[in-house]
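The values are calculated or read from the model by the stated rules, or taken from the named source; none is laboratory data. Everything quoted here is computed from the prediction, not taken from an experiment. No Cβ is skipped: glycine too gets one built from the backbone with ideal geometry, and neighbour counts run over all protein chains shown. When the accessible area is computed, the model is the full protein with side chains, heavy atoms only, and any ligands, DNA or RNA have been set aside. Shrake-Rupley method; radii C 1.70, N 1.55, O 1.52, S 1.80 Å.
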Amino acid sequence: VQLQASGGGLVQAGDSLRLSCAASGRTFSTYNMAWFRRAPGKDLEFLAAISWSGGTTYYADSVKGRFTISRDAAKNTVYLQMNSLKTEDTAVYYCAADSGYGCSPDSRRMDRWGKGTLVTVSS
């Protein structure tokens, strides 16, 4: 599977933004999917994951209640809805595919990565 993230841009604090990650290949439905981000000068941070069926989701405490992950099997796409954005959400956002069992926040378990999309939140 190949992944392409999109939807980043420049927004103001308090705004919302939806990121998309389009997957190519017939095996998309067999992968758990996840979103990560890397802020300037910081390590890669796990944000959210969704199981292959869409029935299970898992969030980092830092975004729980503000971000929502979802997937559309018909469109081979996973989304990250981000609400109430803060300046500290400024980062490059990456989607990733995980063929392991269950959702995982561990970046080392990811099999495929998309190129990142930049989100900049201004005050």
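Conditions (1) touching a helix residue (DSSP H, G or I) at 6+ places or on another chain (Cβ under 9 Å); (2) among the acidic types (D, E); (3) in contact (Cβ under 8 Å) with a residue 40 or more places away in the chain; (4) open to solvent by 40 Å² or more (accessible area, probe 1.4 Å), marked per residue:
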| site | (1), (2), (3), (4) |
| --- | --- |
| R26 | no, no, no, yes |
| R37 | yes, no, yes, no |
| P40 | no, no, yes, yes |
| W52 | yes, no, no, yes |
| G55 | no, no, no, yes |
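When A48 is tested against (1) crowded, with 21+ Cβ neighbours inside 10 Å; (2) assigned to a loop (DSSP other than H, G, I, E, B), just one condition goes unmet, and that condition is (2).
Name the residue, out of A13, A23, A91, A48, that is closer than 19 Å to L118 by Cα and in contact with an Asp or Glu (Cβ under 8 Å, 6 or more places away or on another chain).
On the way: A13 fails: in contact with an Asp or Glu (Cβ under 8 Å, 6 or more places away or on another chain); A23 fails: in contact with an Asp or Glu (Cβ under 8 Å, 6 or more places away or on another chain); A48 fails: in contact with an Asp or Glu (Cβ under 8 Å, 6 or more places away or on another chain).
It is A91.
Name the residue that is farthest from T27 (Cα to Cα), counting only residues in the stretch 114-123 that are open to solvent by less than 40 Å² (accessible area, probe 1.4 Å) and outside any strand (DSSP E or B). Across the stretch 114-123, the extreme among qualifying residues is G116.
Exactly one residue out of D111, D98 is loosely packed, with under 15 Cβ neighbours inside 10 Å and within 14 Å of L3 (Cβ to Cβ): that is D111.
For the stretch 69-101, a tally of residues being out of contact with any strand residue (DSSP E or B) (no Cβ under 7 Å at 6 or more places or on another chain), within 13 Å of G54 (Cα to Cα) and of a type outside the set (D, E, K, R) returns 2.
S104 - would you say it is assigned to a loop (DSSP other than H, G, I, E, B), within 14 Å of the chain's Cα centre (by Cα) and modelled with pLDDT under 95? Yes. Taken over the stretch 63-91, the residue count meeting the criterion of being surrounded by 15 or more Cβ atoms within 10 Å (Cβ to Cβ) and free of Cβ contacts under 8 Å to residues at least 60 places away in the same chain is 13. Looking only at residues in the stretch 1-21 that are open to solvent by less than 50 Å² (accessible area, probe 1.4 Å) and hydrophobic (A, V, I, L, M, F, W, C), the one that is farthest from M110 (Cα to Cα) is V11. With respect to M33, is the statement that it is open to solvent by less than 60 Å² (accessible area, probe 1.4 Å) and either closer than 19 Å to G102 by Cβ or of a type in the set (S, T, Y) (or both) true? Spelling it out, M33 is indeed open to solvent by less than 60 Å² (accessible area, probe 1.4 Å) and either closer than 19 Å to G102 by Cβ or of a type in the set (S, T, Y) (or both).
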